[in-house]
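Quick notes on the structure that follows.
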Amino acid sequence: MLTKRKLGTQGLEVSAIGLGCMGMSQSYGVPDDDESIATLHRAIELGCTFLDTAEVYGPFTNEELLGRALAGKRDQVVIATKFGFRIDDGKNLGTDSRPEHIREVVEASLRRLQTDRIDLLYQHRVDPNVPMEDVAGAVGELVRAGKVRFFGLSEAGESNLRRAHATFPVSALQSEYSLWERNLEPTIIPALRELGIGLVPFSPLGRGFLTGEVKRAEAYPEGDFRRHDPRFQGDNYDANVRAAQAVREVAAQKGATPGQIALAWLLHKGEDMVPIPGTKRRRYLEENLGAATLQLSAGDMKALDDALRPEAVAGPRYNDKLMATIDR
């Protein structure tokens, strides 16, 4: 069984590795609800009980999937979901974190998840049109009403982190962080530790790049996120394959998979970090959870840090349109 970790100083305790559920409903290949539900049940058996979803995944269908899968198991898991977009006719029309909209989204998420409370509620992306104090205040009201337990932010910058936390305590920041995406290290991680906020790294396997089982962008089907990922394209792909060789070398030394090494690196970065690798298949889930038992030496960590230092990774992590949604 997985050990537990605390996210932030507000009392939120979760499994040391969580499960990102987005890919069960969108972005990576064809959905397979039966296998996804079996994967969720297997995760609970193995103590991986921190489950991450959002209203926009699908949209809506990922929360509905969890609602079905967790029938009779709700009290065994910690559910994180997210608000922050205006969705109409299945389309994401942009950010919307008006307090009245937050309340509407929470009621709808509760219905889809078939539960009476959300354990961790994130703002999915900072809304430039709504003061962060209003967002934090609205979530605080939901916490006091018992509909939400803890407050989180996703991809928020330092200023908004501080503004939110001063209004209502933030337990966790969810942001992309991995061996090949180190943007949080200069200012965000120090701020989190100063404020007592945990970090939930998403895409901890670099969208599969750090597992060693990757293809060029054009080899992925339409609808797969990686088809348009700059790091999977052209010369960037070649450079990133070379940089990731260090992960494969450490994996060979440890008798582990490259993906397990990438996750173990994150776990060794601090007890305040809980990665949420995404999968919809039991065999990958079990492989990912094996990272929790790996021990990396200071030499291993340095070799990995140096090989995948920011300047060794080629290409931006998103295209221009998506990068514009990140609050930095």
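The values are calculated or read from the model by the stated rules, or taken from the named source; none is laboratory data. These numbers were taken from a predicted model, which means no experiment stands behind them. Reconstructed Cβ throughout: ideal geometry from the backbone, glycine too, with neighbour counts over all protein chains shown.
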Selection count where residues are out of contact with any strand residue (DSSP E or B) (no Cβ under 9 Å at 6 or more places or on another chain), of a type outside the set (Gly, Ala, Ser) and under 12 Å from ILE261 (Cβ atoms), scope the range 284-304: 7
Can you find even one residue in the range 80-93 that is closer than 18 Å to GLN10 by Cα and among the hydrophobic types (A, V, I, L, M, F, W, C)? yes
Residues located in the range 165-214, provided they are over 16 Å from the mean Cα position of the chain (by Cα) and among the basic types (Lys, Arg): ARG193
Residues (over 28 Å from THR49 (Cα atoms) and not acidic (Asp, Glu)) located in the range 117-136: PRO128, ASN129, VAL130, PRO131, MET132
Does the range 119-127 contain any residue that is without any contact (Cβ under 8 Å) to a residue 40 or more places away in the chain, of a type outside the set (Ser, Thr, Tyr) and out of contact with any helix residue (DSSP H, G or I) (no Cβ under 6 Å at 6 or more places or on another chain)? no
Residues (part of a helix (DSSP H, G or I) and touching a Leu at 6+ places or on another chain (Cβ under 7 Å)) located in the range 212-246: ALA243, ALA246
Taking the criterion of being farther than 16 Å from PRO277 by Cβ, out of contact with any Pro (no Cβ under 8 Å at 6 or more places or on another chain) and either surrounded by 14 or more Cβ atoms within 10 Å (Cβ to Cβ) or without any contact (Cβ under 8 Å) to a residue 12 or more places away in the chain (or both), would at least one residue in the range 16-24 satisfy it? no
Looking at GLN253, GLN233 in this structure, which one is farther than 20 Å from ARG182 by Cβ and in contact with a helix residue (DSSP H, G or I) (Cβ under 6 Å, 6 or more places away or on another chain)? GLN233
Positions within the range 187-218 being within 17 Å of HIS165 (Cα to Cα), free of Cβ contacts under 8 Å to residues at least 12 places away in the same chain and charged (D, E, K, R), in sequence order: GLU194
Against the condition within 25 Å of GLY208 (Cα to Cα), among the charged types (D, E, K, R), outside any helix (DSSP H, G or I) and over 14 Å from the mean Cα position of the chain (by Cα), how does ARG5 come out, does it pass? yes
Going residue by residue through the range 78-101, is there one that turns out to be buried (at least 24 other Cβ atoms within 10 Å of the Cβ), polar (S, T, N, Q), more than 21 Å from PHE225 (Cα to Cα) and modelled with pLDDT of 95 or more? yes
Some residue of the range 30-43 being at pLDDT below 95 and surrounded by 15 or more Cβ atoms within 10 Å (Cβ to Cβ): yes
Tell me, which residue of the range 269-328 that is polar (S, T, N, Q) and either under 30 Å from GLY84 (Cβ atoms) or under 18 Å from the mean Cα position of the chain (by Cα) (or both) is surrounded by the most Cβ atoms within 10 Å (Cβ to Cβ)? ASN288
